[in-house]
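First the structure, in the form of structure tokens, and then the observations on it.
The values are calculated or read from the model by the stated rules, or taken from the named source; none is laboratory data. Quick caveat: nothing in here was measured; it's all calculated off a predicted structure. Don't worry about glycine lacking a Cβ; one is built from the backbone with ideal geometry, like all the others, and counts go over all protein chains shown.
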Amino acid sequence: MTTKRAASTPDTESSLYVQSVEKAMKVLTVFDGSKRQLSLTEIAALAELDNSSVQRFTHTLTALGYLIKDPSTRKYELSVRLLDFTYHYLASNELVQRTSQVLQRLARDTGEVCNLTVPDGADIVFVSRIVSRNVMNPNVIVGTRLPAYCTAPGLAMMSTWDEATVDALLERSQLVKHTPSTIHTPKKIKARLAKFKQAGYAITHNELYLDDISTAVPILDAQGCAIGALNIAMSQSQWDKSASEAQLSELLRSAAAAVSAPQLPHLFNTRS
């Protein structure tokens, strides 16, 4: 998933901004899962850095244990040590902790795939996921990023935000038709956001993946803005429109109400 990113922001132009840290992070983020191992030349090209800088960064990251170098191919790959950051995030994040039992109950009551997602830039990120035997997309795991504008969790969250925030998100998004059913024009997206806001939940049919129906509700902070979303995903064959939409939306609304609380901070990040 690719989103538009601003060339610079006031934060990156600050005298406190450390460019060497940015470059080190660029080296790590070029390992996007498309290839297990990358050569020094490949890393330099993908990170848009010179070979000399990349050599220093890869050496340091290998010494710290975040990269592994294959002595025979001289190629690099990510180390399992990077999962420490995932563990610390999940173990310390209040929203993840608050929704854990609620998500388990949803999965038990429905027998379907249930997720907690949070917004980041123009994307939603899966931070907790319970799969079922009906799972349709096994490649969607904790940490997966998907575009907000055409996913039920993203639309549910967007429906609670002000127009300026929504406009900024859409400006950063690559608005493309992933399937024939994808709604991808700003005007139509905003029209459906108004409907979802009134309904209190969002629903999408086959918009990012075929044979995928997703229902989602926002988790709200004290200001009434979404900081996350709960959703249930199922295949078309499991869907009965006459009953499923009403039942699932009610289950989700009750679950979200249990974890939406005034003490939850305004955490969402629509900046890239």
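Among the listed residues Ala216, Ala233, Ala229, Ala168, which satisfies the condition of being on the phi < 0 side of the Ramachandran plot and outside any strand (DSSP E or B)? It would help to see each step written out before you state the result.
On the way: Ala216 fails: outside any strand (DSSP E or B); Ala233 fails: outside any strand (DSSP E or B); Ala229 fails: outside any strand (DSSP E or B).
It is Ala168.
Considering only residues that are among the polar types (S, T, N, Q) and closer than 16 Å to Ala226 by Cα, look in region 157-213 and name the one that is surrounded by the most Cβ atoms within 10 Å (Cβ to Cβ). It would help to see each step written out before you state the result.
As a first pass, look at region 157-213 and keep what is among the polar types (S, T, N, Q): 159-160, 165, 173-174, 179, 181-182, 185, 198, 204, 206.
After this cut, where a residue has to be closer than 16 Å to Ala226 by Cα as well, the list is 159-160, 165, 198.
Working: Ser159: 25, Thr160: 23, Thr165: 15, Gln198: 8.
Applying the filter and picking the extreme gives Ser159.
So which of Lys23, Lys35 ends up being free of Cβ contacts under 8 Å to residues at least 40 places away in the same chain, touching a helix residue (DSSP H, G or I) at 6+ places or on another chain (Cβ under 9 Å), outside any helix (DSSP H, G or I) and basic (Lys, Arg)?
On the way: Lys23 fails: outside any helix (DSSP H, G or I).
Result: Lys35 is the single residue among Lys23, Lys35 that is free of Cβ contacts under 8 Å to residues at least 40 places away in the same chain, touching a helix residue (DSSP H, G or I) at 6+ places or on another chain (Cβ under 9 Å), outside any helix (DSSP H, G or I) and basic (Lys, Arg).
Can you confirm whether Arg133 is part of a loop (DSSP other than H, G, I, E, B) and either surrounded by fewer than 21 Cβ atoms within 10 Å (Cβ to Cβ) or aromatic (Phe, Trp, Tyr) (or both)? Reasoning before the result, please.
Numbers: part of a loop (DSSP other than H, G, I, E, B): yes; either surrounded by fewer than 21 Cβ atoms within 10 Å (Cβ to Cβ) or aromatic (Phe, Trp, Tyr) (or both): yes.
For Arg133, the condition - part of a loop (DSSP other than H, G, I, E, B) and either surrounded by fewer than 21 Cβ atoms within 10 Å (Cβ to Cβ) or aromatic (Phe, Trp, Tyr) (or both) - is met.
Go through (1) modelled with pLDDT under 95; (2) assigned to a helix (DSSP H, G or I); (3) of a type in the set (A, V, I, L, M, F, W, C) one by one and return the number of the condition Leu264 breaks.
It is condition (2) that Leu264 fails.
Search region 79-94 for residues being touching a Gly at 6+ places or on another chain (Cβ under 8 Å) and farther than 15 Å from Val142 by Cβ, and hand back the single one that is surrounded by the most Cβ atoms within 10 Å (Cβ to Cβ). Let's see the steps before the verdict.
Here is the first cut: in region 79-94, the residues touching a Gly at 6+ places or on another chain (Cβ under 8 Å) are 79, 81, 86.
Add one more test, that the residue is farther than 15 Å from Val142 by Cβ, and what stays is 79, 81.
Values: Ser79: 15, Arg81: 12.
This residue is Ser79.
Tell me which residues, restricted to region 124-145, are touching a Phe, Trp or Tyr at 6+ places or on another chain (Cβ under 9 Å) and of a type in the set (D, E, K, R).
Of the residues in region 124-145, the ones touching a Phe, Trp or Tyr at 6+ places or on another chain (Cβ under 9 Å) are 127, 136-137, 140-145.
The one that is touching a Phe, Trp or Tyr at 6+ places or on another chain (Cβ under 9 Å) and of a type in the set (D, E, K, R): Arg145.
Under 26 Å from Gln37 (Cβ atoms), buried (at least 19 other Cβ atoms within 10 Å of the Cβ) and free of Cβ contacts under 8 Å to residues at least 40 places away in the same chain: does that describe Leu61?
Details: under 26 Å from Gln37 (Cβ atoms): yes; buried (at least 19 other Cβ atoms within 10 Å of the Cβ): yes; free of Cβ contacts under 8 Å to residues at least 40 places away in the same chain: yes.
Criteria met by Leu61.
Of everything in region 48-74, what is part of a loop (DSSP other than H, G, I, E, B) and β-branched (Val, Ile, Thr)? Give them in sequence order. Quick ask: steps written out before the conclusion?
If we filter region 48-74 for residues that are part of a loop (DSSP other than H, G, I, E, B), which is where we start, we get 48-50, 64-66, 70-74.
Residue satisfying the conditions is Thr73 alone.
Identify the single condition in (1) assigned to a helix (DSSP H, G or I); (2) modelled with pLDDT under 95; (3) not β-branched (Val, Ile, Thr) that Leu155 does not satisfy, given that it satisfies every other one.
(2)
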